[in-house]
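These notes concern the structure reproduced below.
What follows is calculated from the coordinates using simple rules that are stated; it is not laboratory data. Predicted model, so just to flag it, every value in this text is computed and none were measured. We place every Cβ from the backbone using ideal geometry, glycine too, and count neighbours over all the protein chains shown.
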Amino acid sequence: MQTNQTTVTEFILVGFMDHPELQIPLFIFFLLTYLITLVGNIGIIILTTTEARLHTPMYFFLRNLSIVDISLSTTIAPKLLTTLVIEHSTISFTGCTTQFFFFVIFVTTEACLLAVMAYDRFIAICYPLVYFVVMSKKLCILLVTAAYACGFVNSTVHTIVIFSLNFCNSNTINHFFCDVPPL
């Protein structure tokens, strides 16, 4: 005996559709915020890469944090901006899964990098004489790699668990991107 099962192939992103008068001002605001975020973080990346005096562990971590910030913003902003200008914005199931996967990777990686940066400052303040011995280039690369690995593992687990659920009631997401609470 077969049961009636309908699977969701796309989600409708409601976002700010309840307030159409705010869509254009919000579009301009979020576009400017996104562009400022990109320009600022790209500036940090270029500056910390080209300036030899900034080739220290602190700026190495800051450069990686800027890369993660750009990636996180780019995961959310394009669909958010599209949702604001298109009347009935949808996202495919695969698109929602992909957006969620990368969102969780970058949020987790950012949190781990902030913890690594706190450890870096702890060593610099509490043990200044051995700072450059402890925070070697090898350890810095290992810590950043571990942060990205934590992000990848956490995202893989969350994505598999959440998107193995059945989305059969409603395909409407009262949000502007695919995140855990709205799903």
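I'm checking my understanding of the structure. Among residues of region 41-81 that are of a type in the set (Ser, Thr, Tyr) and surrounded by fewer than 16 Cβ atoms within 10 Å (Cβ to Cβ), which one is nearest to VAL144 (Cα to Cα)?
So the first thing to find is which residues in region 41-81 are of a type in the set (Ser, Thr, Tyr), and the list is 48-50, 56, 59, 66, 71, 73-75.
Adding the requirement that they be surrounded by fewer than 16 Cβ atoms within 10 Å (Cβ to Cβ) leaves 49-50, 74.
On the way: THR49: 16, THR50: 20, THR74: 20 Å.
The extreme case among them is THR49.
GLU51 passes every criterion in (1) without any contact (Cβ under 8 Å) to a residue 60 or more places away in the chain; (2) in contact with a Phe, Trp or Tyr (Cβ under 7 Å, 6 or more places away or on another chain) apart from (2). Scanning region 17-36 for residues that are surrounded by fewer than 15 Cβ atoms within 10 Å (Cβ to Cβ), part of a helix (DSSP H, G or I) and of a type outside the set (A, V, I, L, M) gives PRO20, GLU21, PRO25, PHE29, THR33.
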